[in-house]
Amino acid sequence: MKLKKVEPWIRTLLFLAAVFSILAVVLIIVFVFKEGLPFLRKWGLTTFIFGENWSPTRGNFGIFPMLLGSIYLTLGAILIGLPLGVGCAIFFAEFAPAKITSWVRPAVEVLAAIPSVIYGFLGLLVLVPWLRQLYGGTGFSLLAGSLVLGIMILPTVMTVSEDAIRAVPLSYKEGSLALGATRWQTISKITLPAAQSGIVASVVLGMGRALGETMAVIMITGNVAQVPTSLLSPLRTLTGNIALEMGYAAGQHQQALFATGVILFILIFVLTSLANLVRWKGATH
């Protein structure tokens, strides 16, 4: 009887928590768009996106180099983090003994709790000097940022992918093995396609983490507002530009930074939609 009396209150609290979360997101979006859209209407969307010169003191607001920097850095992080994350997920879900999993898996998950500034320090003190010594230049580059972000998104990709792989019904695997398939054939042809939606979800979460990362990116990419032409080129991202300049920006400059936030929202929406489209096409086949 006591549980029956408490259950409606629990449902109400959970509903209020969901409504509050949605309301918070909506308020953030409304605030950013309210501050940024007037600048976009005045300056012009195409001029703002495809302009290659960012010089607020001279009245030039072009975010194309930073837009490309954000996209390149995100793709680089996914190319590094996705194979490692899915590989770890397959190992833990299909091959690793229980004792190894109980020790190694929490160690990988701890990576998600490390502050981004620590990753930035490690990249600054270890990775950047190593790249400088190996390839020349300053070491602050797209490659350095991709390597660090690839490690940062690894726990997210691994955890979500492993849960998706473990959720595949055991009967699928047993049926494949009973028909004579090898263990790896079962994993590659049965398990991974069945877990595709979860793996794509991990990619979406990883992209969101990579696109939204600021501190580590500022510390190791060089923060040069130019179009990156190689893996060793320095760059500046949309989030890094906002973080670096919002503290002293005013007037039109501040509006331009809010407009940058609007473009960032749109970019995340487009990338998420593309990932969901890939998942939908995979499910229909």
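Computed quantities for the displayed model
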item	result
Cα long-axis angle, helix 98-110 against the chain (0 to 90 degrees, to the nearest 10)	10 degrees
Relative frequency of Cα-Cα separations exceeding 14 Å in segment 79-122, percent	59 percent
Estimated FRET transfer efficiency (V19, V110; beta-carbon r; R0 25 Å; 0.05)	0.15
Amide H partners (placed H, <5 Å) of W54, local residues excluded	G62
Dimensionless Rg/Rh of segment 12-78 - Kirkwood Rh, Rg from C-alpha atoms	1.18
C-alpha long axis of helix 196-212 to longest principal axis of the chain, angle in °	30 degrees
Computed over segment 1-129, the ratio Rg/Rh where both radii use C-alpha atoms and Rh is Kirkwood	1.14
Computed [θ] at 222 nm, deg cm²/dmol, the chain (DSSP H ≥ 4; -39,500 (n - 2.57); rounded to nearest 500)	-24000 deg cm²/dmol
Spatial separation of Cα centroids for segment 185-221 and segment 2-70, in angstrom	22 Å
Most fluctuating residue given options M66, M207, M246, as computed from a GNM of the chain linking Cα atoms under 10 Å	M246
Sum of side-chain charges, F140 neighbourhood, beta-carbon under 12 Å (Lys, Arg +1; Asp, Glu -1)	+2
Charge context of A77, other residues only, Cβ under 15 angstrom, K/R +1, D/E -1	0
For the chain, fraction of C-alpha pairs farther apart than 28 Å, in %	50 percent
Per-q log10 I(q)/I(0), segment 150-285, q = 0.10, 0.16, 0.17, 0.18 Å⁻¹ (Debye; single scatterer per alpha-carbon; no solvent)	-0.50, -0.92, -0.98, -1.05
0 to 90° range, to nearest 10: angle between helix 2-43 axis and the chain longest Cα axis	30 degrees
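No value in this document is a laboratory result; all are computed from the given coordinates. Since this is a predicted model, take the numbers as computed values, not measurements. Please note: Cβ atoms are built from the backbone with ideal geometry, for glycine as well, and neighbour counts cover all protein chains shown.
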